[in-house]
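The values are calculated or read from the model by the stated rules, or taken from the named source; none is laboratory data. Every value quoted in this text rests on a predicted model; they were computed, and no experiment measured them. FYI the Cβ positions are ideal-geometry reconstructions off the backbone, even for glycines, and counts take in every protein chain you see.
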Amino acid sequence: MSIEISQKIDAVGKQILSGARNELYLNMRFLDLALSSLNFVMNTNTYGLGTDGFNLYFDPQYLVDLYRIDRIKINRAYLHNVFHCVFRHLLKQGRREKRLWDLACDIATEHVIDGLNHRSIRYPRNAFRANCYGTLEKKLKVLTAEKIYKLFVEEELQEYKIRKLEKEFRIDDHSLWPKPPENDNQPPSSAMQQLNDKWQEISEKMQTELETFSKEASNGEGELADELAVENRERYDYKAFLRKFAVLREEMQVDMDSFDYVFYNYGLTLYGNMPLIEPQEFKEVHKIEEFVIVIDTSMSCSGELVKTFLEQTYHILAETESFFRKIHIRILQCDEKVQSDVKITCQEELKEYMENFQVIGNGGTDFRPAFEYVQGLIDHKEFIHLKGMLYFTDGYGYYPRRKPPYDIAFVFMEEDYSDVAVPPWAMKLIIEKEALEEETALRLDYELIEQGMKYEY
């Protein structure tokens, strides 16, 4: 193929995509920034259309053939790729099985597109697609890729069903998506971080547009608004939050950063075993010393879920630099009254508590008794440097009116919670059930690997 012909084909492909972009923009102004954030790049090795988050790659022959058949399908394919970026599907695979993750992303994206009532993308649903949506909607409030994937894993989809779903929902080429880090401890590359920041900003601006300027139009944009609300919901880093409880204090240990090795070794050389400068024996460190964990035993969450939360808390605390040699943690179980109070002073006690954990009480919900109980502990000098409280709950209950003299965070599961009445002085942590379970599975995997065993998922 000559350069001139290649340039003409490239120009035709870009013209088709530009037309699709303009038509989508005219119908959906809130997509302005998202639609214009992908450069068009010809790539004959691409399966139709595909994106890496920066460019939209296209096979010109695919575009020309599809344009002749139905221009609306080009609009939908364009929007499909854009929504993958808006929802950051490209960056969220993690340890998930790629084939099922790709399928979940495609279904979640198509569900949103099918919910938009605009002429430029309107296409009749066949019975299979409608039935698939109906089945998922009965089980999930919002059809996010993460929740669809989890459902597929739980149901152990048969190969024939996977192929059938792929035939219906596969629209684009996912081979261009960034590869996930080899392990969860590996930080994202600068390019992946840049990509995430770029599309998170676009996603948040789109959500603002939908919530303000596009309210009156409201052409079936409810699913999109719900999806954006879930994706853009503020989440706290659990480890970072626990670090807020850290207390700066001196601990007896050798501070290897406080002395000069040159003078130290010179003294040993000159005088035998007499160094000129000894390292300092005290070092200021940030470690968790005192805090409270309260479990709302009236909540709808299962005991297993509560235990999973406690296990994750334990393993975060059990990291080398997290504990003082002496700690003071109180784990309370409370419904309308405090049902249990366990004092933890060392890792061994916390581990033993976890191994024998049982939920106590299932009455109504009132957060105030736990706060009153903790204040009593403070008054009786049980706590000296209490920094904070984690309250694991669904949020349905009575809150105290005044802020206590320590940090407080109400920890909610993403599935079912109410944070409307949370006081402004309290923090809110939204924890995904899937994230907790995946973290637990990852920890077990590492432990078994260390033991020389094979763990099958």
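Among the residues of region 16-37, is any in contact (Cβ under 8 Å) with a residue 60 or more places away in the chain, more than 20 Å from R170 (Cβ to Cβ) and either basic (K, R) or not assigned by TED's automatic domain parsing to the domain that holds E211 (or both)?
Looking through region 16-37, at least one residue is in contact (Cβ under 8 Å) with a residue 60 or more places away in the chain, more than 20 Å from R170 (Cβ to Cβ) and either basic (K, R) or not assigned by TED's automatic domain parsing to the domain that holds E211 (or both).
What's the number of the only condition in (1) at pLDDT 80 or above; (2) crowded, with 19+ Cβ neighbours inside 10 Å that V342 fails to meet?
That leaves (2) as the condition not met.
How many of the residues making up region 377-405 are of a type in the set (S, T, Y), within 27 Å of the chain's Cα centre (by Cα) and part of a loop (DSSP other than H, G, I, E, B)?
2
Which one of the conditions (1) outside any helix (DSSP H, G or I); (2) farther than 22 Å from V112 by Cβ does Y47 fail to meet, given that it meets all the rest?
(2)
So in region 117-173, with the set limited to residues that are within 30 Å of M413 (Cβ to Cβ) and among the hydroxyl-bearing types (S, T, Y), which one is surrounded by the fewest Cβ atoms within 10 Å (Cβ to Cβ)?
Among them, the one singled out is T135.
Being closer than 14 Å to I171 by Cα and surrounded by fewer than 23 Cβ atoms within 10 Å (Cβ to Cβ), is that true of even one residue in region 58-65?
yes
Restricting the search to region 354-376, which residues are assigned to a helix (DSSP H, G or I) and either modelled with pLDDT of 85 or more or at positive phi (or both)?
Selection gives R368, P369, A370, F371, E372, Y373, V374, Q375, G376.
So is G395 crowded, with 16+ Cβ neighbours inside 10 Å, in the same structural domain as D296 (by TED's automatic domain parsing), touching a residue at least 40 places away in the same chain (Cβ under 8 Å) and at positive phi or not?
no
Would you be able to say whether some residue in region 69-86 is over 34 Å from the mean Cα position of the chain (by Cα), aliphatic (A, V, I, L, M) and under 17 Å from D173 (Cα atoms)?
no
Restricting to region 406-415, count the residues that are assigned to a loop (DSSP other than H, G, I, E, B) and either outside the structural domain of K337 (by TED's automatic domain parsing) or of a type in the set (V, I, T) (or both).
Total satisfying the criteria: 0.
Check whether at least one residue in region 328-339 is more than 24 Å from Y399 (Cα to Cα) and at pLDDT below 70, and report yes or no. Lay out the reasoning, then the answer.
Taking region 328-339 and keeping what is more than 24 Å from Y399 (Cα to Cα), we get 328.
Subset that is at pLDDT below 70: none.
There is no residue in region 328-339 that is more than 24 Å from Y399 (Cα to Cα) and at pLDDT below 70.
Which condition breaks for V41 when tested against (1) at pLDDT 90 or above; (2) surrounded by fewer than 16 Cβ atoms within 10 Å (Cβ to Cβ)?
Condition not satisfied by V41: (2).
Can you work out which of the residues in region 284-314 that are surrounded by fewer than 16 Cβ atoms within 10 Å (Cβ to Cβ) and of a type outside the set (A, V, I, L, M, F, W, C) is modelled with the highest pLDDT?
Among those that are surrounded by fewer than 16 Cβ atoms within 10 Å (Cβ to Cβ) and of a type outside the set (A, V, I, L, M, F, W, C), it is E304.
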